[in-house]
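The values are calculated or read from the model by the stated rules, or taken from the named source; none is laboratory data. Because the structure is predicted, anything quoted here is derived from the model rather than measured. Using ideal geometry, Cβ is built from the backbone for each residue, glycine included, and neighbour counts are taken over all protein chains shown. Ligands, DNA and RNA are stripped out before the accessible areas are found, and what is left, the full protein with its side chains, is counted by its heavy atoms. Shrake-Rupley method; radii C 1.70, N 1.55, O 1.52, S 1.80 Å.
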Amino acid sequence: MFKNVRFRNFKSLKDFSIQLKTINVLVGPNNAGKSTILYAFRAASAAQAFASRRVPTVLQVDGETLFGYDIPTSNFPISLANIHTDYLTDDETSITFVLTNKNKFKLRFYENSRCILTVDSERPTRNTSQFKKNFPVSIYPFPTLGPLEEEEQLLTDEYVRQSQYTRRANRMFRNIWYRRIEQFSSFREIVELTWEGMTISKPELAMQYPPRLSMFCKEGRVDREIFWVGFGFQVWLQLLTHVIGADSDNVLVIDEPEIYLHPDLQRRLFYLLKETNKQIILATHSPEIMNEAEHDDVVLIDRSKRTGRRVEDIEGLQDALFSIGSGQNIHLAKLSRGKKILFLEGDDFRLLRRFASRLGLNELANDIDITVIPIGGFSQRQRIEDAAWTFEEVLKAEISIAAVLDRDYRCKEEIDSLVGDARDTVRNFHILEGKELENYLLVPAAIMRAIHDRLKDRTSCEVVNITIEKVDNMLAEIANEMKSRVLSQRI
């Protein structure tokens, strides 16, 4: 997985860097630099594909000796004619990619459209197997999407292979599936699962001159050629095609996939991408996609700054919406769709949604149509009851309200009294049995596995044998230091 990327004099990014996580939703006004970042990953994909099949060599470039790969211009999916910021060819033009395993590879661009890939890894990179082991990322850049062609001639295998990931992809959709018959059952299944009432058939070849391909879908009992369905469904078919085509890749790069898609489909696409468990780098102007992302999955891009700024809270997300020209209010948008409010203490929702994901409670895990309102604890309990009364008696709105509060040090008798009183107004009012939500994470076996997972990522860390008993002892030692204070609080 990529950890960060540094740009020097690359197109519109003079001196810029961006930190990456698993999900990265890049937002900002037009000409902010989002597409330039995605261009960089498209270039990295092409360069990496070339290097993974070659042995690095010693290269002489402008009087400098480098050890790496001379990438042919024909391999690049982007133009190298205007690659230098403000045409400043005397300055270094480069992109440095850093992986989570701390290895780096760098693309250097020169005046004559030449590109050199160099690597910096903790272990040697002298052959193809070492390159793949040191740089275990495989990038799948989604091509630009658009309406399908009305007629599609049968193309050569080589032409389809070279062009199916380019801007020409929408012009050969039937040809792509004519050559992917072994994956078609999976494609048809995901189409039926994500678009109710619709199914799709395999491409059919008409033996005329020149040979042509047709492809039919069925909605209800009506068959129609896919050109005659709406643009939204045509684009949806292409998106699903590339999701399936990226099955063996672990990094997906997508530029404004919301074109032609209804807001519900935009949200559905984002859930679909998250469920792939791959690293997602997505540029968008869609308020729906931004609303469905976690706050810190959203990165504000502004080429006049030095770094991309990751959103920290819901206010920051609201600012991000304003930056793309949207006047949408996040809370009201979700409330109008789902008519559900969940009151929680502090930042509990980050943990709660992870529990929900493990339990298969997708509506809660993906924050679908649920308006989550953080409150300050029992001191704000009256606000919950007031909200319920206001929606029911004043606004006459059917809003479902739930609340989950920490137990803290309250005794059973007080808890029973509080719950009994609150449920007269808020039926789904709950108080945790543990002091706080975090207490449910104090499971030695789970902590042991988490420690082992973290140690795997630290290649320089010495081997430590962590057992459940050791974790138990550590927890007991920590708890013993707190024992006096906790007992006094309970008393």
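Taking amide hydrogens as placed 1.01 Å from N in the peptide plane, the amide H of Arg212 sits under 5 Å from those of Leu154, Ala206, each at least 5 positions away in sequence or on another chain. In whole percent, and with a 1.4 Å probe on the protein chains, what portion of the accessible area of the stretch 93-234 is carbon and sulfur? Taking all protein chains in place, the stretch 93-234 shows 47 percent carbon and sulfur surface. With the convex hull constructed from alpha-carbon coordinates only, the stretch 189-317 shows a mean projected area of 10.9 nm² over all directions.
Taken per residue, the accessible surface of the chain reaches 54 Å², heavy atoms only and a 1.4 Å probe. Computed packing ranks the peptides 214-222, 26-34 as 26-34, 214-222, most packed first, by mean other Cβ atoms within 10 Å. Here the stretch 81-212 is treated as a sphere whose radius is the Kirkwood value from Cα pairs; by Stokes-Einstein at 25 °C and 0.890 mPa s it diffuses with a coefficient of 129 µm²/s. For the stretch 215-285, the Kirkwood hydrodynamic radius comes to 13.3 Å, computed from all pairs of different C-alpha atoms. Where the alpha-carbon atoms of the stretch 1-148 are placed on the principal axes, they occupy 42, 35, 34 Å, in descending order.
Taking one quarter of the surface of the C-alpha convex hull of the chain gives a mean projected area of 30.5 nm². Taking only Cα atoms, what is the 0 to 90° angle, nearest 10, from helix 468-490's long axis to the longest principal axis of the chain? With both axes taken from Cα atoms, the answer is about 40 degrees. This model, with +1 at the C-beta of Lys and Arg and -1 at the C-beta of Asp and Glu, gives the chain a dipole about its Cα centre of some 1540 debye. Using C-alpha pairs under 8 Å with a sequence gap of at least 6, the mean separation divided by the residue count of the chain gives a relative contact order of 14 percent. When its C-alpha radius of gyration is set against 2.2 N^0.38 Å (N residues), the stretch 1-77 gives a value of 1.29.
For Lys456, the lysines whose Cα comes closer than 26 Å to its Cα, not counting residues fewer than 8 places off in the same chain, are Lys3, Lys21, Lys102, Lys104, Lys106, Lys132, Lys133, Lys274, Lys278, Lys470. Amide H to amide H, with H built 1.01 Å from N, Val372 comes under 5 Å of Leu342, counting only residues 5 or more places away or on other chains.
Ellipsoid fit via the Cα gyration tensor, the stretch 60-133: semi-axes of 24, 13, 13 Å, each the root of five times an eigenvalue, largest first. Note on the stretch 410-491: the alpha carbon radius of gyration divided by the globular reference 2.2 N^0.38 Å gives 1.61.
Scoring 420-433, 465-478 by mean Cβ neighbours within 10 Å over their residues and listing the highest first yields 420-433, 465-478. Note on Thr100 and Val61: with the Förster distance fixed at 25 Å, the Cβ-Cβ geometry gives a FRET efficiency of about 0.30. If I histogram all Cα-Cα distances within the stretch 117-171 using bins 5 Å wide from 0, what percent of pairs lands in each bin? Once binned at 5 Å, the Cα pair distances of the stretch 117-171 give 4, 15, 18, 13, 9, 12, 11, 9, 6, 3, 0.
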